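Undergrad: Input: one structure, supplied below.
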Amino acid sequence: MSVDTIAVTGATGQLGGRVARRLGASGVPQRLLVRDAAKAPRLPGAEAVIAPFSDGPAVRKALDGVHTVLMVSASETEDRVDQHRTFVDAAAEAGVGHLVYISFAGASPSATFTLARDHHATEQHILARGIPATFLRDNLYADFLPHLAGADGVIRGPAGDGKVAAVAQDDIADAAVAVLRDPAAHTGRTYELTGPEALSLGEIARILGVSYHDETLDEAYESRAVYGAPRWQVDAWVSTYLAIAAGELATVTTHVADLTGRPATGVAQLLLP
């Protein structure tokens, strides 16, 4: 088990914060790479360092002397892959010994979900730079499912009757900590982290006490036009549902249990009181 300093990105966010708190509670020294040190969690044995993904020199300095790094993907922006490449290049230059990357289910250049293609590009760059790595490919966050419903209590999207094996963020965090604490045992491995079941949006809606409307593609773009988001962002939103319809998020694995030693958390178990 590693007791060396572990670098964690995304510690001010939901997933990175969960990982950082778990490592802190276990007495693991951490270096938290953040954009705003004032927002970094105050944890025992942790130091916050300002090092945005896009600032290669700052990242390289922040990772100096660090063997193991958790790389939580950057916020969704049009240039996210470029930011990731800058971060990975800096990690390689700093001599990082193991990179644990939070990727996405079914990452590939032909994935229906547009951002899964970005994750594939990042994985490929990590491999090209020769950094020993572990990829944690997460399914959709189960914690986010209630937010799919609008104010009128309707989930809208062109997902058809496709299914999604949504995974709890606590399960991802526990799996990530297991890898970070013993990285050598997971070198070169790719884990697809899922919940214990695949459910349709109709089934999820019933669990949440809302309804589901299966939109056409035209309806999906029209209903999201009100947000005034750039086209790449709307494409990402809509393609999430299209990926569900295509069956690309329906695979259920035992990888959460394999890494944590306990069963994955189901949607109803997570979201119902």
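Undergrad: Counting Lys and Arg as +1 and Asp and Glu as -1, each charge on the Cβ, what is the dipole of the stretch 187-257 about the Cα centre in debye, to the nearest 20?
TA: On the way: 4 positive and 10 negative charges, 62 e Å.
Using Cβ point charges on Lys, Arg, Asp and Glu, the stretch 187-257 gives about 300 debye.
Undergrad: When you take every Cα atom in the stretch 6-148, what is the radius of gyration, and what is Dmax, the widest Cα pair distance, in Å?
TA: Just the Cα atoms of the stretch 6-148 yield Rg and Dmax of 14.6, 43 Å.
Undergrad: Measuring with a 1.4 Å probe in the full set of protein chains, what accessible area per residue, in whole Å², belongs to the chain?
TA: With the other protein chains kept in place, the chain gives 43 Å² per residue.
Undergrad: Once amide H atoms are built 1.01 Å from N in the peptide plane, which residues 5 or more positions from K163, or in another chain, come under 5 Å H to H?
TA: The list, which skips near neighbours in sequence, is G247.
Undergrad: For a bin width of 10 Å, list the pair-distance distribution of the stretch 167-273 built from all Cα-Cα distances, rounded to whole %.
TA: Computed distribution, short to long bins: 13, 33, 31, 19, 4.
Undergrad: Right, something else. Which value, in Å² and to the nearest 10, is the accessible area of T251 when all protein chains are kept and the probe is 1.4 Å?
TA: T251 has an accessible surface of roughly 90 Å² with all protein chains in place.
Undergrad: Hey, another quick one. Putting +1 on Lys and Arg Cβ atoms and -1 on Asp and Glu Cβ atoms, find which of Q124, G247, S200 reaches farthest to the positive end of the dipole of the chain.
TA: Positive-end residue among those listed: Q124.
Undergrad: Report the charge-dipole magnitude of the chain in Debye, nearest 20, computed about the Cα centre from +1 at each Lys and Arg Cβ and -1 at each Asp and Glu Cβ.
TA: 840
Undergrad: Pairs of Cα atoms under 8 Å, at least six residues apart: use those to get the relative contact order of the stretch 134-273, whole percent. The partial results should precede the final answer.
TA: Working: 237 pairs, mean separation 55.4, N = 140.
Averaging sequence separation for qualifying contacts and normalising by length gives 40 percent for the stretch 134-273.
Undergrad: Which semi-axis lengths, in whole Å and largest first, follow from the square roots of five times the eigenvalues of the Cα gyration tensor of the stretch 231-273?
TA: Its equivalent ellipsoid spans semi-axes of 28, 14, 10 Å.
Undergrad: If you don't mind, another one. Where in the chain are the DSSP H helices whose alpha-carbon span along the long axis reaches 27 Å or more and whose Kyte-Doolittle mean is at least -0.5?
TA: none
Undergrad: Please give me the summed charge of the neighbours of A116: other residues whose Cβ is under 10 Å from its Cβ, Lys and Arg +1, Asp and Glu -1.
TA: Details: positive: R117, R137; negative: D118, E248.
That works out to 0.
Undergrad: Estimate the FRET efficiency between D79 and R189 by the formula 1/(1 + (r/R0)^6), using the beta-carbon distance for r and 45 Å for R0, to the nearest 0.05. Intermediate values should be presented prior to the final figure.
TA: Values: r = 29 Å, r/R0 = 0.64.
Efficiency for this residue pair is about 0.95.
Undergrad: Further question: What are the residues whose amide H is under 5 Å from the amide H of Q30, where those residues sit 5 or more places off or on another chain and H is modelled from the backbone?
TA: Excluding prolines and chain starts, which carry no amide H, the hits are I6, A46, E47.
Undergrad: Evaluated at 4 °C with a viscosity of 1.567 mPa s, what Stokes-Einstein diffusion coefficient in µm²/s does the chain have when Rh comes from the Kirkwood expression over alpha-carbon pairs?
TA: 68
Undergrad: Note down the net charge around V49, summing +1 for each Lys or Arg and -1 for each Asp or Glu among other residues with Cβ under 15 Å from its Cβ. Walk me through the intermediate numbers first.
TA: Values: positive: R31, R35, K39, R42, R60, K61; negative: D36, E47, D55, D64.
Around V49, the charge tally is +2.
Undergrad: Within 10 Å of each candidate Cβ there may be at most 11 other Cβ atoms; applying that plus a DSSP loop requirement, which trypsin sites (Lys or Arg not before Pro) in the stretch 8-52 survive? Before the final figure, lay out the partial values.
TA: Working: sites: R18, R21, R22, R31, R35, K39, R42; in loops: R35, R42.
Sites meeting the loop and neighbour criteria: R42.
Undergrad: Please give the calculated 222 nm ellipticity per residue for the chain, where each DSSP H segment of at least 4 residues contributes -39500 (n - 2.57) and the sum is spread over every residue; nearest 500 deg cm²/dmol?
TA: -11500 deg cm²/dmol
Undergrad: Hey, another quick one. Carbon-plus-sulfur fraction of the accessible area of the stretch 158-273, 1.4 Å probe, in percent?
TA: 52
Undergrad: Can I ask one more? Once R0 is set to 45 Å, what does the formula 1/(1 + (r/R0)^6) return for the Cβ-Cβ distance between V226 and A268, expressed as a FRET efficiency to the nearest 0.05?
TA: Result of the calculation: an efficiency of 0.90.
Undergrad: Using a basic spin-label model with each label point 7 Å from the Cα along Cα→Cβ, how many nm lie between Y141 and D235?
TA: For Y141 paired with D235, the spin-label model returns 2.4 nm.
Undergrad: Evaluate the charge dipole of the stretch 217-273 about its Cα centre and quote only its size in Debye, nearest 20, assuming +1 on the Cβ of each Lys and Arg and -1 on the Cβ of each Asp and Glu.
TA: Working: 3 positive and 6 negative charges, 50 e Å.
Result for the stretch 217-273 is approximately 240 debye, rounded to the nearest 20.
The values are calculated or read from the model by the stated rules, or taken from the named source; none is laboratory data. Just so it is clear, the model here is predicted, and its values are computed rather than measured. Here the Cβ is made from the backbone with ideal geometry for all residues, glycine too, and neighbour counts use every protein chain on show. SASA here: full protein model, heavy atoms, side chains in, ligands and nucleic acids out. Shrake-Rupley method; radii C 1.70, N 1.55, O 1.52, S 1.80 Å.
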